[in-house]
Amino acid sequence: MTTPEELRYTEEHEWVATREGSLVRVGITEYAQDQLGDVVFVDLPEVGRQVGAGDAFGEVESTKSVSELFAPVGGEIVAVNSAVAESPELVNSDPYGEGWLVEIRLDDPAGLEALLEAEAYEALIKG
């Protein structure tokens, strides 16, 4: 199981990649997609939607269950990955790459400090 060092993580199994400026890219972790099984549908928010840290912003449906997606940080949704909407299996095949979900323009970059580093996330999933 891969936990890229350069990303930040949430206890709800989302990852956050810092982009240029105040942009971050968000997806679900390899652990999360493995627990879900085959992803068959992804419901993503509209571009322009404001989210607060911890707000539900969409859903991932798999052959096993439906799971809510939670915003790891507060801000504005500035992009959604339409490729995932058309090919939800990208979440399984490339969770840290082509399987990303949304990009958020941060309200406050300090919100990233509350997220887990890779080592802490690995400790969480190993329980």
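Please treat every number below as a calculation from the coordinates, not as lab data. Bear in mind that the values here come from a model prediction, so they are computed numbers and not experimental data. Glycine also receives a Cβ, built like all others from the backbone with ideal geometry; neighbour counts cover every protein chain displayed.
Points to keep in mind about this one:
- Filtered by the rule that a residue be of a type in the set (S, T, N, Q) and either under 16 Å from E59 (Cβ atoms) or touching a strand residue (DSSP E or B) at 6+ places or on another chain (Cβ under 9 Å) (or both), the range 69-102 gives N81, N92.
- Taking residues in the range 36-52 that are at negative phi and part of a strand (DSSP E or B), and partners anywhere that are among the polar types (S, T, N, Q) and surrounded by 15 or more Cβ atoms within 10 Å (Cβ to Cβ), the pairs with Cβ atoms closer than 7 Å and at least 6 places apart or on different chains are V39/Q33; V39/S62; V39/N92; V40/S62.
- Within the range 18-43, tally of residues that are aliphatic (A, V, I, L, M) and touching a Phe, Trp or Tyr at 6+ places or on another chain (Cβ under 8 Å): 2
- Scanning the range 16-35 for residues that are over 14 Å from G75 (Cβ atoms) and in a loop (DSSP other than H, G, I, E, B) returns E20, T29.
- Selection count, the range 20-54, where residues are surrounded by 15 or more Cβ atoms within 10 Å (Cβ to Cβ), of a type in the set (D, E, K, R) and closer than 18 Å to D107 by Cα: 2
- Residue within the range 51-60 that is more than 22 Å from G21 (Cα to Cα) and aromatic (F, W, Y) present: yes
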